């Protein structure tokens, strides 16, 4: 299995531009999570989906952030317009809903976003 | 407010000795706890977990202890090996683990040869 795939790995953009981060979860996983890592706040949950439906988006910082999961194999996190304070590493993670590995989340390699 | 705290930003241990990483939490609704290991430029990798109904879980060189009354957990690595040098994150979840994870800020473990 290829694991969780994220693209791009690095993104540099200018303030005000739209940014789209992409994630392909592990095949068969029912849950998908988006996290953000910054020096100040560490790793924090932004939003998660179960069977393509958003369950908890209370971590999304503001309306400039939106996430979608149009099907079981693809999710996007969009920032529009982007601001320098959005610079961070964004991780996508997925896990199965089966009890045997109910809690272990598998993380992708992350997307390092720099907003100038 | 930080619901999961790792108070030691870094820890240096000699190869072959025991490494003990500590974590405290404040939210009584947390009932599942995990440890992740992270190398630079990679995503976190799952190490070991423990449910609140247990107080200890072992997997090879790794043991996690949970003290619910103190809201404290620890990860023991014995013996420590050079490949263990990484950042270790403590994470907690509610709903039997169904919810998203709340992470501590990590402890950078350095294994000295």
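The values are calculated or read from the model by the stated rules, or taken from the named source; none is laboratory data. Bear in mind the structure is a predicted one, so any value in this text is a computation, not a measurement. Methodologically, a virtual Cβ is constructed for each residue, glycine included, from the backbone with ideal geometry; neighbour enumeration extends over all protein chains shown.
As an exercise: evaluate residue B:78 against (1) modelled with pLDDT of 95 or more; (2) crowded, with 17+ Cβ neighbours inside 10 Å and give the number of the one condition it does not meet.
(2)
Going by what's in this entry, would residue B:111 be described as modelled with pLDDT of 95 or more, buried (at least 18 other Cβ atoms within 10 Å of the Cβ) and more than 9 Å from chain A (Cβ to nearest Cβ)?
Here the answer is yes, as residue B:111 does meet what is asked.
Condition check ((1) closer than 22 Å to residue B:49 by Cα; (2) part of a loop (DSSP other than H, G, I, E, B)) across all residues:
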{"position": "A:54", "(1), (2)": "no, no"}
{"position": "A:61", "(1), (2)": "no, yes"}
{"position": "A:78", "(1), (2)": "no, no"}
{"position": "A:92", "(1), (2)": "yes, no"}
{"position": "A:97", "(1), (2)": "yes, yes"}
{"position": "A:113", "(1), (2)": "no, no"}
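Based on this model, can you work out whether residue B:64 counts as assigned to a strand (DSSP E or B), touching a strand residue (DSSP E or B) at 6+ places or on another chain (Cβ under 8 Å) and surrounded by fewer than 20 Cβ atoms within 10 Å (Cβ to Cβ)?
no
Do you know which residues across the range B:1-34 are assigned to a strand (DSSP E or B) and within 23 Å of residue B:79 (Cβ to Cβ)?
The answer is B:10, B:11, B:12, B:13, B:14, B:19, B:20, B:21, B:22, B:23, B:34.
Filter the range A:57-102 for residues that are in contact with a helix residue (DSSP H, G or I) (Cβ under 8 Å, 6 or more places away or on another chain) and surrounded by 21 or more Cβ atoms within 10 Å (Cβ to Cβ); which is modelled with the lowest pLDDT?
Checking each candidate, the answer is A:95.
Answer yes or no: is there a residue in the range A:9-18 that is more than 14 Å from chain B (Cβ to nearest Cβ) and within 17 Å of residue A:93 (Cβ to Cβ).
Looking for residues that are more than 14 Å from chain B (Cβ to nearest Cβ) and within 17 Å of residue A:93 (Cβ to Cβ), one finds none in the range A:9-18, hence no.
Yes or no: residue B:21 within 14 Å of chain A (Cβ to nearest Cβ), closer than 15 Å to residue B:107 by Cα and in contact (Cβ under 8 Å) with a residue 24 or more places away in the chain?
Numbers: within 14 Å of chain A (Cβ to nearest Cβ): no; closer than 15 Å to residue B:107 by Cα: yes; in contact (Cβ under 8 Å) with a residue 24 or more places away in the chain: yes.
No: the conditions fail for residue B:21.
So, of the residues in the range B:32-60 that are in contact (Cβ under 8 Å) with a residue 24 or more places away in the chain and more than 10 Å from chain A (Cβ to nearest Cβ), which turns out to be nearest to the chain's Cα centre (by Cα)?
Checked the range B:32-60; the qualifying residue nearest to the chain's Cα centre (by Cα) is B:35.
Within the range B:81-98, how many residues are within 27 Å of residue B:28 (Cβ to Cβ) and crowded, with 20+ Cβ neighbours inside 10 Å?
Result for the range B:81-98: 7.
Taking the range B:83-108 as the region of interest, how many residues are touching a residue at least 60 places away in the same chain (Cβ under 8 Å), at the interface with another protein chain (Cβ under 7 Å from one of its Cβ atoms) and over 14 Å from the mean Cα position of the chain (by Cα)?
Selection size over the range B:83-108: 1.
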